[in-house]
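J.: Dropping a structure here in structure tokens format, bear with me for questions.
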Ligand SMILES: [Zn+2]
């Protein structure tokens with residue numbers, strides 16, 4: 001079996017991230033990882049796989065790691081790369097591999113094809129869009145969510161395109177975004193980028209070719225990925241006639257940004273900084289800055305809707321239960337989220353109030369305890 005056999009199915013963000021070229025792994029063995037990745041790239045090209053080589057380092061590991069962990073470990077070892085690969089429960093392996101045999105790709109099978117309309121909060125049924133904006137979640141890869149915003153009252157833009165405009169947040173993959181735009185008869189006017197990881201910027205090149213007049217806002221670090229307008233922390237930009245504040249949220253990566261739409265129920269797009277019942281792991285930033293970023297977000301109004309970039313809530317709640325076994329709110333949320341996910345529904349958005357009740361990282365009483373929990377979660 002070759003490396004390309006791993007290019008189907010989708011694996012786990014944490015494991016993928018362990019291989020991103022600035023993560024802690026690289027800190028230890030930069031040379032080995034870089035060389036190993038080149039060798040893997042060469043093999044994929046030899047095998048004539050259609051994936052772009054630059055995405056390969058990400059994809060290979062992303063894709064096969066869970067269903068075929070031992071095989072992939074073999075490939076990596078051959079290539080001189082030593083990467084900690086965590087065991088994956090049999091249950092999850094089965095789920096990913098479609099019950100055995102070839103690893104499954106949920107997108108191809110259409111499991112996650114439906115759009116999640118977050119116009120109403122899934123728990124309260126309350127209308128979230130104070131400013132008349134609407135947001136929908138487009139599932140991508142195994143657990144990314146690309147948020148798509150539009151405003152039903154905005155007429156089609158001039159210039160011959162009769163479709164109404166929309167904006168996307170962190171389009172790591174262009175295909176599901178384009179499908180959603182077609183289905184909804186929208187055109188892409190702009191993009192917000194939170195940080196440079198491939199599952200957040202990977203779709204930019206294709207989208208820019210398809211929608212040449214769209215604008216892309218993001219951190220300076222992402223200019224090479226397609227960012228045209230540098231979003232300055234503390235500054236603002238305009239999205240569909242709505243002001244958006246740019247927040248500095250370092251920690252997961254050093255340059256990570258968040259986007260906030262103020263209103264009675266503000267909307268927050270924190271990328272990989274804050275998740276429902278969890279937070280990003282440190283891959284280029286630092287624990288201290290991540291802690292400070294969480295405090296910044298924790299100070300937002302309790303009704304703030306949190307549109308984070310991954311559907312990790314169930315797994316995060318498992319950890320939260322371990323970290324705070326006597327917290328009944330965590331248990332209750334775990335039941336609610338399990339019910340939503342069993343129906344194939346999105347557990348997002350969360351709210352700052354939800355997070356204060358159930359997020360073991362936001363709730364950590366001190367930096368020391370936060371660090372202890374974050375490091376514990378890394379190996380959980
Ligand atoms: Zn990331």
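Each reported figure results from applying straightforward, stated rules to the coordinates on display, with no laboratory input. Model, not experiment: these values are computed from the prediction. Virtual Cβ from ideal backbone geometry, glycine too; neighbours counted across all protein chains shown.
J.: Roughly what would the spin-label model give for residue 209 and residue 338, points 7 Å off Cα along C-beta, in nm?
T.: Modelled inter-label distance: 4.6 nm.
J.: For segment 141-281, which semi-axes, largest first and in whole Å, follow from the square roots of 5 times the eigenvalues of its Cα gyration tensor?
T.: Values: eigenvalues 106, 58, 43 Å².
Semi-axes from the Cα gyration tensor: 23, 17, 15 Å.
J.: Rounded, prolate or oblate: pick one for segment 179-247, where a ≥ b ≥ c are the square roots of the eigenvalues of its C-alpha gyration tensor, a/c under 1.5 means rounded, and failing that, prolate if a/b is larger than b/c, else oblate.
T.: Oblate, because a/c is 1.5 or more while a/b does not exceed b/c.
J.: Between residue 238 and residue 296, how many nm apart are label points set 7 Å from Cα along the C-beta direction?
T.: In this crude spin-label approximation the distance works out to 2.5 nm.
J.: Rounded to two decimals, what ratio of Rg to Rh does segment 211-272 give with C-alpha atoms and a Kirkwood Rh?
T.: Radius of gyration over Kirkwood radius for segment 211-272 works out to 0.97.
J.: Then there's this: With Kirkwood's inverse mean 1/r over C-alpha pairs for Rh, give me the Rg to Rh ratio of segment 231-354, two decimals please.
T.: Working: Rg = 14.9 Å, Rh = 15.1 Å.
Expressed as Rg/Rh, it is 0.99.
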